[in-house]
Structure formats: structure tokens, C-alpha cells
Amino acid sequence: MVKSRNGSVRRAARLMQLGAGLAGSYLAYQFQRPFVDENGQRQALRRKHAKQVRQELQNLRGPIMKVGQALSMQTHFLGAEMIEELSALQMHAPPMHPTLMRAQFKNAFGKYPEEVFDSFEAEPFAAASLGQVHWAVTKGGADVAVKIQYPAMREAIESDFQALRTAGFAARLTGHLQESVIREAERGILEETDYLKEARNIEHFRKALGALAFARVPKVFVELSSEQVLTMSRVPGLRLQDFLTTNPSQELRDRLGASLTRLFFFQLFRVQGLHADPHPGNYLLNNDGTIGLVDFGCVKYLKPEVVRCYAQFWSREWVHDAKLFKEIIRVIFGPKVSPDEPRVRRCMNEIRRFYDEFHPLEEQPKVLELADPKFMDGLARLAKTLLKNKFLSPEFLFLSRTESGMCNLLHILKARVATTQIVRECMPA
């Protein structure tokens, strides 16, 4: 018990050091952005610091590594050196020792992998925050991906969130970090440790996304899956950074960008559930325009009132309807927050300004240039305003995370997308 407690204390201390390092990188980048003439020594120091942060995140794994994955898409908050290093977290954590991996598998099935499969590659092709993935072939000859969870992941997640509550006490006291938001984040990440739940998510989305001809979702092999081992059919495609090395045409970028956008809004408005882990490693892109989706551990099923509320951001009917405006605030914050509070008005005005600028209400909507830094700057400005004014809601946490991640994905892809038109097509009549 003492040993376990000491380990948790050490882990919490490392988390706090990491937080300070990331905050320093953010502040340094924001300060230096106006100055383009930098010497090589300064760049080398930033590169060294970024590598140290990435290595520490890889070693800690768990939810803190997921934070690093999310930050790897925030190209307007951190410098190029940090983004490059953090991008490695999407697929490359230190794997389990083969002996430990085999023990984990045997704990689940009572047999070793080579006894269950016709062939099994002991070296993982991907290792991420909660588990690692191996190629295998079933006894029936099917090519599959086998995801094996690291040991004691639930305990590590619970420990990390307790450390977060301790480290973020001041932020919780001021209301900038609400306990309800922490609980929602913890709930979502803990669910990712239940691979049988992920299997049900996959089957749900295989059926729900059947109407999208470009979407590819794996098939689960239920008899070869458990709470800590998940076996799925292989999904073809390249991760975004690998795909970009093939020099895709602008036409293909635009086609994939439109499909990614349609995928998000179809899930939001029609499925009312989201594949809510939008880092680039979970989208596999193909030259024929198809898109593979992997990792359904983090899925957010949305309440109908949340979907209706989000639709109002696009339609802006609330601008001239006080009753509707009041309902939106109730959905976001609950009945105790008044829509007349100055901070609420500031945030809703900023939301309206963002949508008016980038998604104007026109009969012939314009194509949005996602490569344009103005859009990402506008998104960052909106996020800062919402955070500053404590405009956080647990119901919107994973929705906002998914939307922000998708925008960053489209920005890196440099796609041109008729976003408003796609939204109108996906919204229920």
C-alpha cells in the first residue's frame, strides 16, 4: 500500500513538472510568434525541450499521454518543434515487453497469442496511450489487428485524475476548471479501458455510418475479444502525415476534406453520437477517397437537446428569440445560470461573431479555405474567450474536442470545403 501511494505521489509530481513545461512552451511560442528571425541555438533548445516533454509523456502513458495527443493538433498554440515531437505520441509509445504482452493476453484467454491465431506478430505496429496493436491472422485466414491493453490502466487513470484535481485546486476554486468537467473527462477515458464496450461501439457505428459510402469501419471478432483484448478486421489507409508524403492533389484533399466534414456532421445530427478521439492516427486516408476509422474507445452519445442547441449555433435563430436563447443557456449550464450574466453574453456574442465571419447565413455559401490561418486564429480566439469566461459544460466537452480536432485535421490537410452547405444537408429537416 505504501509503495503504491509513493508511486502515485511520484507520478503526480512528474505530471506537475510536465504541466509547467508545456505552459512554458505555450508562452514562449506566443511571445515569439511575431518574430520570424530566430537563431539556430534557440531552435535547438526548443527542439531539445520538446523531445524531453514527448519522452516523459510516452513513459507516463494513460490520460496524460492523451493530452499530448490532443496538443499535437493545436498548431496555433504550440511551436513547430513541440508539434512535431508530440505528433509521435499518436502511434509510438514504448511498447510492453513481449513477456508482459503475452501474459496480458493469456490472462484474457487462458492461452498465448500463437495458440489462438494462425500467425501473430510479436512486435506491435502501433503503441499508444492505453494499449498496443499487433497484426495477426485468424485460424480462418482473416487478417486482423489485435489491440492489447497495458496492465493496470484503470488504476493509472484514476491516479492521474486525482493528481489533476490536486494540481488544479486553484482553477477549480475560481470556477475555471469545474468538477463536473473533470468527472466527464475521467468517465470518457475510463470507458476506453473496457474493450467489450468499444466492440459494441464499433458495431453501432458500422451500422449507423452505412449510409456514407466513403466510410470504412472495422468488423469485430467477438470470440477473439475480451475486456482487455480487442480483435478487429484490418482497415486500409494511411495516417494523415504519411498520406501527405504521397503529394495528393488539391482535388483529392478537397474531396477527403468534404468527406471528413460530412462524417462529423452526419454523426452529430443523424447518429447523435461521435467517434470522439479525432487525432490523425485514428483516420486512415486512401487515394480512392475512402476513409477508415479506428479506435472507438472514446465515443460520446449526445442528448437530443445538446444536438438541438448546437444546431442553433449554425442557424442563429436564438439571436432574435429570447426564449430560445434562455433554453440554450439552460442546456449548457443548467437552470442556475442566468442568460443575462455578462460573461454569458460575452461568450454568446463571440460565438455569433465566429459563425458570422466563417459560416455566414447566405443562400450560396462560400467554400471555406481551411489552410487559411485566419480560420484557426478565429477558432483559437473563440476558445480563449470561452475558457476565460468559464464557459465550460461537461455535455459539450467531447463534442468540442472532436470539432476542434477535426478542424485541425482539415487545416493540416489544406482542404477547401463548402462547410455550411454540408451542415445544411446533414441537419434534419
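The values are calculated or read from the model by the stated rules, or taken from the named source; none is laboratory data. Model, not experiment: these values are computed from the prediction. Neighbour counts are summed over all protein chains in view; Cβ atoms, including those assigned to glycine, are modelled from backbone coordinates with ideal geometry. Just so you know, the surface numbers come from the protein's heavy atoms only, side chains and all, with ligands and any DNA or RNA stripped out. Shrake-Rupley method; radii C 1.70, N 1.55, O 1.52, S 1.80 Å.
Tell me, what % of the accessible area of the range 259-360 is carbon and sulfur with a 1.4 angstrom probe?
50
Probe radius 1.4 Å, ligands and nucleic acids left out: which of 191, 317 has the largest accessible area, and how do the rest follow? Please report the intermediate quantities before stating the final value.
On the way: 191 50, 317 105 Å².
Accessible-area ranking of 191, 317, largest first: 317, 191.
Could you work out how far apart the two model spin labels at residue 322 and residue 125 are, taking each label as a point 7 Å from the Cα in the direction of the beta carbon, and quote it in nm?
Here the answer is 6.1 nm between the modelled labels.
For the range 250-350, what log10 I(q)/I(0) values come out of the Debye formula at q = 0.13, 0.18, 0.21 1/Å, with one point per alpha carbon and no solvent?
-0.63, -0.92, -1.06
Hey, what's the range 337-397 come to in accessible area per residue, 1.4 Å probe, Å²?
With the other protein chains kept in place, the range 337-397 gives 55 Å² per residue.
Classify the range 89-148: rounded, prolate or oblate, from the alpha-carbon gyration tensor (a ≥ b ≥ c, eigenvalue square roots; a/c under 1.5 rounded; otherwise prolate if a/b is larger than b/c)?
Since a/c reaches 1.5 but b/c is at least a/b, the shape of the range 89-148 is classed as oblate.
Sorted by average packing, counted as other Cβ atoms within 10 angstrom per residue and highest first, what order do 281-292, 403-414, 356-367 take?
Highest to lowest by the protection proxy: 403-414, 281-292, 356-367.
So what's the convex hull volume per residue for the Cα atoms of the range 144-288, in Å³?
Each residue corresponds to 152 Å³ of Cα convex hull volume.
If we sort 345-352, 392-399 on the protection proxy, mean other Cβ atoms within 10 Å, highest first, what's the order? List each step's numbers first, then the result.
Details: 345-352: 16.5, 392-399: 19.6.
Descending mean neighbour count gives 392-399, 345-352.
Need the full-extension length gain, residue 336 to residue 190, defined as separation in residues times 0.36 nm minus the C-alpha distance. One decimal, nm.
Details: separation 146, 0.36 × 146 = 52.56 nm, distance 2.91 nm.
Here the answer is 49.6 nm.
Need one value: the accessible area of residue 138 in square angstrom, 1.4 angstrom probe, rounded to the nearest 10.
10
Can you run phi through the Karplus equation (6.51, -1.76, 1.60; θ = phi - 60°) for the range 418-427 and list ³J(HN,Hα) in whole Hz, with x for Gly and Pro?
7, 4, 4, 4, 5, 4, 4, 6, 8, 5
Restricting to Cα pairs below 8 Å that are 6+ residues apart, what does the relative contact order work out to for the range 305-380? Please round to a whole percent.
25
Please work out whether the range 389-429 counts as rounded, prolate or oblate from its C-alpha gyration tensor, where a ≥ b ≥ c are the square roots of the eigenvalues and a/c under 1.5 means rounded, while otherwise a/b larger than b/c means prolate and anything else oblate?
oblate
Given the Cα atoms of the range 190-263, and with Rh set as the inverse mean 1/r over their pairs in the Kirkwood sense, what is Rg to Rh to two decimals?
Result: Rg/Rh = 1.06.
Can you send over the solvent-accessible area of residue 135, 1.4 Å probe, protein chains only, in Å² to the nearest 10?
70
Averaged per residue, what accessible surface does the range 153-298 expose to a 1.4 Å probe, in Å²?
With all protein chains present, the range 153-298 gives 41 Å² per residue.
Determine which lysines satisfy two conditions relative to residue 147: a Cα distance under 28 Å, and not lying fewer than 8 residues away in the same chain.
In chain and number order, the partners are 51, 66, 106, 111, 139, 197, 207, 219, 300.
When ranked by the protection proxy of mean other Cβ atoms within 10 Å per residue, highest first, what sequence do the peptides 143-151, 417-425 form?
Order by mean packing, descending: 143-151, 417-425.
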